[in-house]
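Report on the following structure.
The values are calculated or read from the model by the stated rules, or taken from the named source; none is laboratory data. For clarity, every value in this text was computed on a predicted model and none was experimentally measured. We place every Cβ from the backbone using ideal geometry, glycine too, and count neighbours over all the protein chains shown. What goes into the accessible areas is simple: the full protein's heavy atoms, side chains included, and nothing from ligands, DNA or RNA. Shrake-Rupley method; radii C 1.70, N 1.55, O 1.52, S 1.80 Å.
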Amino acid sequence: MSRKVRADIHLDAIVHNYRLARAQAPGASAVAVVKANAYGHGAVPVARALAAEADAFGVACIEEALELRAAGLAQPVVLLEGFFDADELPVIARQGFWPAVHSEHQLSWLEQADLPAAIPVWLKVDTGMHRLGFDPEAVPAVVERLRACAAVSEVLLMTHFACSDEPEKGMTEHQLARISTLVEALETGASMSNSAAVMAWPAAHYQWLRPGIMLYGATPFEHADPVAEGLQAAMTLSSEIIAVREVPAGESVGYGATFSSEHPVRVGTVAMGYGDGYSRHARTGTPVLVDGQRTRLVGRVSMDMLTVDLTDLPHAGVGSRVELWGRQLPVSEVARWCDTIPYTLLTCLTPRVPRSYE
Ligand SMILES: *Cc1c(COP(=O)(O)O)cnc(C)c1O
């Protein structure tokens with residue numbers, strides 16, 4: 001029999017979460033963000049599950065957008081990082097993609113382009129993230145140039161929040177004020193809400209939401225949030241125990257001999273490791289479920305295996321099912337034990353893990 005590592009993708013949960021996002025802003029549309037292989041869940045199956053209701057899809061680059069078209073998905077696809085070369089523009093126009101425009105060089109490519117159809121563009125405004133986008137002071141002139149440009153059919157302003165998951169910081173109010181002033185003055189549509197803003201910043205909703213992580217049932221917040229409570233986990237990552245041993249007091253477990261105990265420990269070895277995408281930063285104590293019961297990871301995660309404490313689970317043994325995250329164990333909780341965020345755990349799942357869809 002084969003190795004039992006698997007990721008079950010709960011497509012019904014993704015549909016539920018998309019609806020929950022949209023319900024936060026009746027009247028607004030929502031880009032379902034499926035970049036990075038839908039955060040590890042499989043871009044094509046996820047987009048197909050949402051095909052009947054998603055207003056648009058969001059990806060990082062044209063390759064990801066073309067993958068959706070090749071699978072027969074007809075919605076507009078927003079290119080969140082824009083285009084990287086002028087020669088992408090005819091493809092963008094033919095395929096109905098909506099690119100972000102964040103820099104002067106993209107603007108001049110558009111001005112020089114002779115396209116089969118004019119395209120809507122999402123003009124990125126740098127309101128404080130300082131990663132991509134035009135300075136707010138430059139935006140009125142850029143909008144004027146875009147509106148005069150034959151290749152452009154429509155201009156919408158977009159921005160991205162640096163701290164929408166941390167309401168106490170005051171940064172979001174600041175970014176929101178900057179973009180709102182422009183939206184009002186220039187009479188454009190706007191898009192600014194990632195998942196955290198969809199859930200916690202109604203003033204940022206405007207015409208187009210851009211939920212990503214929440215579609216996959218993971219919360220971007222460190223704190224409890226009433227909307228996030230309603231999310232459903234979209235992935236259950238599981239495997240099974242392939243060996244069990246009694247480790248005497250004082251003996252260590254795993255690479256680096258980082259874990260040892262004053263008491264004898266019953267240790268289960270699980271077929272799951274960082275070669276599957278399970279984080280090597282998971283510390284001793286990270287929760288795992290064995291046959292549905294909580295216990296903890298012990299010792300270092302290795303490439304193909306990890307070890308768990310079965311001392312208090314006398315009935316667990318070879319063949320016991322192990323859930324690493326999923327419906328009963330939020331990926332966000334596991335992420336905290338790895339000093340990371342659920343985004344990285346989900347996107348770093350490797351192709352070795354078979355995804356199965358229900
Ligand atoms: C990835 C991304 C999103 C989605 O963010 P989440 O925090 O996953 O909801 C939204 N907008 C842009 C520009 C992005 O790059």
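Annotations for the structure displayed:
- The residues of the range 181-221 include none that are under 13 Å from residue 31 (Cβ atoms), away from the ligand (no atom under 13 Å from the Cβ) and assigned to a helix (DSSP H, G or I).
- Of the numbered criteria (1) surrounded by 19 or more Cβ atoms within 10 Å (Cβ to Cβ); (2) touching a residue at least 24 places away in the same chain (Cβ under 8 Å), the one residue 247 fails is (2).
- Hits in the range 202-217 - residues which are more than 21 Å from residue 48 (Cβ to Cβ) and open to solvent by less than 30 Å² (accessible area, probe 1.4 Å): 204, 205
- In a residue-by-residue description of the range 46-63, the property of being among the aromatic types (Phe, Trp, Tyr) and under 30 Å from residue 115 (Cβ atoms) applies to at least one position.
- A single member of 319, 268, 273 is open to solvent by less than 20 Å² (accessible area, probe 1.4 Å), in a loop (DSSP other than H, G, I, E, B) and in contact with a strand residue (DSSP E or B) (Cβ under 7 Å, 6 or more places away or on another chain), and it is 273.
To keep it simple, each residue is scored yes or no on (1) out of contact with any Lys or Arg (no Cβ under 7 Å at 6 or more places or on another chain); (2) assigned to a loop (DSSP other than H, G, I, E, B); (3) not acidic (Asp, Glu).
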{"site": "52", "(1), (2), (3)": "yes, yes, yes"}
{"site": "93", "(1), (2), (3)": "yes, no, yes"}
{"site": "100", "(1), (2), (3)": "no, no, yes"}
{"site": "109", "(1), (2), (3)": "yes, no, yes"}
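- Output for the range 25-61, where each listed residue is touching a helix residue (DSSP H, G or I) at 6+ places or on another chain (Cβ under 9 Å), open to solvent by 10 Å² or more (accessible area, probe 1.4 Å) and of a type outside the set (A, V, I, L, M): 29, 35, 37, 39, 45, 48, 53, 55, 61
- When residues of the range 69-83 are limited to those that are open to solvent by less than 30 Å² (accessible area, probe 1.4 Å) and not in a strand (DSSP E or B), the one nearest to the ligand (Cβ to nearest atom): 80
- Any chance residue 318 is among the β-branched types (Val, Ile, Thr) and without any contact (Cβ under 8 Å) to a residue 60 or more places away in the chain: no
- Residue that is farthest from residue 67 (Cα to Cα) [pool: residues in the range 19-45 that are away from the ligand (no atom under 14 Å from the Cβ) and assigned to a helix (DSSP H, G or I)]: 23
- Look at the range 152-181: where a residue is within 15 Å of residue 122 (Cα to Cα) and a partner is more than 16 Å from the ligand (Cβ to nearest atom) and of a type in the set (D, E, K, R), sitting 6+ places away or on another chain with Cβ atoms under 7 Å, you get 155/147.
- Residues of the range 139-154 that turn out to be open to solvent by 40 Å² or more (accessible area, probe 1.4 Å) and assigned to a helix (DSSP H, G or I), as a count: 5
- Hey, residue 157 closer than 16 Å to residue 210 by Cα and either within 16 Å of the ligand (Cβ to nearest atom) or not in a helix (DSSP H, G or I) (or both) or not: yes
- Count of residues meeting criterion [open to solvent by less than 30 Å² (accessible area, probe 1.4 Å), touching a residue at least 24 places away in the same chain (Cβ under 8 Å) and under 21 Å from the mean Cα position of the chain (by Cα)] in the range 84-100: 2
- Of note, residue 310 does not satisfy the criterion of being closer than 25 Å to residue 12 by Cβ and in contact (Cβ under 8 Å) with a residue 40 or more places away in the chain.
- For the range 218-244, a residue qualifies if it is open to solvent by 20 Å² or more (accessible area, probe 1.4 Å) and under 20 Å from residue 322 (Cβ atoms), and the qualifying residues are 233, 240, 242, 243, 244.
- Any hit, the range 167-180, residues being modelled with pLDDT under 95 and assigned to a loop (DSSP other than H, G, I, E, B): yes
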